[in-house]
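The values are calculated or read from the model by the stated rules, or taken from the named source; none is laboratory data. This is a predicted model, so every value here is computed, not measured. Here the Cβ is made from the backbone with ideal geometry for all residues, glycine too, and neighbour counts use every protein chain on show. Note: accessible area is taken over every heavy atom of the protein model, side chains too, but ligands, DNA and RNA are not part of it. Shrake-Rupley method; radii C 1.70, N 1.55, O 1.52, S 1.80 Å.
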Amino acid sequence: MSLPSSEARSWAPPLSRTLLAAASAVQAVGEGDSLTEALARIDAPLRPSAQALAFHAMRYMGWADEIAAEMVRKSPGALFDALLCTALTLLRPAGQDPVPGMPVYAPHTVVDQAVEAVANSRQLVTYKGLLNACLRRFLREHEALERAVAKLPRVQWNHPDWWIEQVRHDYPAQWQQLLLAANVPAPLTLRVNRRRATRQSVLDAFQAQGLAATPVAQDGLVLAQPRPVTQLPGFAQGWWSVQDAGAQLAAPLLAPRDGMRVLDACAAPGGKTAHLLELADVELLALDTDAQRLERVGENLQRLGLASDRVKLAAADASHLSAWWDGKPFDAVLADVPCTASGIVRRHPDIRWLRRADDVARTARLQSRIVDALWKTVAPGGRLLYVTCSIFPAEGEAQAEAFARRHPDAQRLAAPGQLLPVAIGATPGQQRDGFFYALFAKQS
């Protein structure tokens, strides 16, 4: 049995329990919850293995959903559908998988354990025979079933039709590679906290435990084989944070210096907040609309040894200045604004199924409102860094150009612009998620 490279290492619970837990999470995504929220409701001992199956199911949900629809014309309910689809992704022939790392079980084990899961569920027990029949039919007739749905784009690419068309329109030469890259499990990438360790000292500690890692970015490390973070050397001591290599570019672009007044306007989960504090002794205000997520920012800063009376956290909408701004301008503003998160789908495979076609335009309007408000808080000569984890130009270059037109006092400085995800054919040390960066200076 092999496991997905970045989701779980513990596989102790019976597969029947894991399947049912994963199916409940998949059902929740279908009803609009994020997979992160759904998995948080699963008992802790079962969560890692359920996460591995749920992540895998999300990556191949387009295929599984259409196969299931061929066999079940009238659905018995959302949980049954989710369990059937999750089990089908485990029966999907391994040769069809574009990347290694999918969970592998003997087909009869999957069928038996899925039926056992139904038998142990009061909600599903009535449909034990139906699930058994569907899974056994798939094993007998999978070639014919797959031929019946093979030409559907959502089956070929495992993304919603609108998403496929958007990526194809925006990147006519790269769309296939981008859709495939979204299904590659991401490596575990860390950023060394230079206030508590050096990259070499962390490397030495990892190597002492037989853990191979590759340097990336300015202070980053990519593990060859991911592990639960709490089991890695230096977690409790605050030697490092988890952060993708592409995201590690943000704080250095703002070039923080000692004594500067800095705003992190959409701070949670806090990786960029911590990076700014690691680079310089600044007075920093971290904002986020979600008070609960902001609490986790504070906990992370405590672990990293970065909390101080010069660091303030406030739950507020960044676009409503009267709710939080004292009128004193900032030397540097990080505007990591809400977006569709289309650049980080490989880390959050549920995103593609949660988003709708009109979300791109909706988030673009929200982004414009936020950065226009934040520009008022930038001191003359100060900088604003606009960031999204999106690959859609409407949330990236189009936004940056429109912002520059609306604000004649905004001078655009050198920044990476659109970074596309790198995954297919890349080593762990070469991989990154998709981000957009635009940097502006306020002219005096």
Exercise. Looking only at ARG369, ARG310, ARG122, which one moves most when the chain is put into a Gaussian network model with springs between Cα atoms under 10 Å?
Worked result: ARG122
Exercise. For segment 245-442, what is the accessible area per residue in Å², given a 1.4 Å probe and the full set of protein chains?
Worked result: 38
Exercise. What length, rounded to one decimal in nm, is gained on full extension from ALA133 through to GLN174, with 0.36 nm per residue of separation minus their alpha-carbon distance?
Worked result: 10.7 nm
Exercise. How much accessible area per residue does segment 31-189 have, in Å², with a 1.4 Å probe?
Worked result: 46
For this session: Under a 10 Å cutoff between Cα atoms, tell me which one of SER390, SER322, SER368 has the largest fluctuation in the Gaussian network model of the chain.
Result: SER322
For this session: Starting from the Cα-Cα distance between ARG122 and SER75, subtract it from 0.36 nm times their residue separation and give me the gain in nm to one decimal.
Result: 15.2 nm
Seminar exercise, completed: For LYS328, counting only aspartates and glutamates whose alpha-carbon sits under 13 Å away and dropping same-chain residues fewer than eight positions off, the answer is GLU283
Seminar exercise, completed: Semi-axes of the chain from the Cα gyration tensor (sqrt of 5 times each eigenvalue, largest first, whole Å) come to 41, 25, 20
Seminar exercise, completed: If N is the residue count of segment 187-243, its Cα Rg over 2.2 N^0.38 Å rounds to 0.95
Exercise. For segment 374-411, which GluC sites (Glu not before Pro) are both in a DSSP coil and crowded by at most 10 other Cβ atoms within 10 Å?
Worked result: none
Problem set entry | Label zone at ASP290, where the point sits 7 Å out along the Cα-to-Cβ direction: segment 33-53 residues whose backbone N lies under 11 Å | 34-38
Seminar exercise, completed: The set of residues whose placed amide H lies less than 5 Å from the amide H of VAL216, leaving out same-chain residues fewer than 5 positions away, is LEU221, VAL222
Problem set entry | Listed residues HIS320, HIS142 arranged by accessible area, highest first, probe 1.4 Å | HIS320, HIS142
Problem set entry | Selected from PHE403, TYR386, LEU263, residue furthest toward positive end of dipole (segment 245-442; charges at beta carbon) | PHE403
For this session: At 37 °C and 0.692 mPa s, grab the translational diffusion coefficient of segment 15-158 from Stokes-Einstein with a Kirkwood Rh over Cα pairs, rounded to a whole number in µm² per second.
Result: 218
Problem set entry | Structure-based [θ]222 nm, the chain - -39500 (n - 2.57) summed over DSSP H runs of at least 4, per residue, nearest 500 | -12500 deg cm²/dmol
Seminar exercise, completed: Whole-Hz Karplus couplings 3J(HN,Hα) for segment 384-399, θ = phi - 60° and coefficients 6.51, -1.76, 1.60, Gly and Pro as x, run 10, 10, 8, 9, 9, 9, 10, 9, 7, x, 4, 9, x, 4, 4, 5
For this session: With +1 on each Lys and Arg Cβ and -1 on each Asp and Glu Cβ, and nothing else charged, work out how big the dipole of segment 15-158 is about its Cα centre, in Debye to the nearest 20.
Result: 220
Problem set entry | Using θ = phi - 60° and Karplus 6.51 cos²θ - 1.76 cosθ + 1.60, couplings along segment 127-133 (whole Hz; Gly, Pro as x) | 9, 4, x, 5, 5, 4, 5
For this session: Tell me which residues come under 5 Å, amide H to amide H, from THR289 once H is placed; ignore anything under 5 positions away on its chain.
Result: ALA316
Exercise. So how tilted is helix 47-59 from the main axis of the chain? Cα-based, degrees 0 to 90, rounded to 10.
Worked result: 80
For this session: For segment 132-266, with all protein chains present and a 1.4 Å probe, just round the carbon and sulfur fraction of the accessible area to a whole percent.
Result: 50
Problem set entry | Under the Karplus curve 6.51 cos²θ - 1.76 cosθ + 1.60, θ = phi - 60°, whole-Hz ³J(HN,Hα) for segment 438-443, x wherever Gly or Pro sits | 9, 10, 10, 10, 8, 6
For this session: Please name which of GLY129, ALA69, ALA173 has its Cα lying farthest along the dipole of segment 69-173 towards the positive end, using unit charges on Cβ (Lys, Arg +1; Asp, Glu -1) and the Cα centre as origin.
Result: GLY129
Seminar exercise, completed: Which of PRO172, PRO185, PRO153 fluctuates most in a GNM of the chain (C-alpha springs under 10 Å)? That residue is PRO172
Problem set entry | Net charge dipole size for the chain [Lys, Arg +1 and Asp, Glu -1 on Cβ; Debye, nearest 20] | 220
Problem set entry | Furthest towards positive pole of dipole, GLY305, TRP353, ALA291, structure part segment 282-369, Cβ charges | TRP353
For this session: Please list the radius of gyration and Dmax for segment 279-400, considering alpha-carbon atoms only, with Å as the unit.
Result: 15.6, 43
Problem set entry | Net length gained if the chain between LEU152 and ALA255 were fully extended (0.36 nm per residue, minus Cα distance) | 32.3 nm
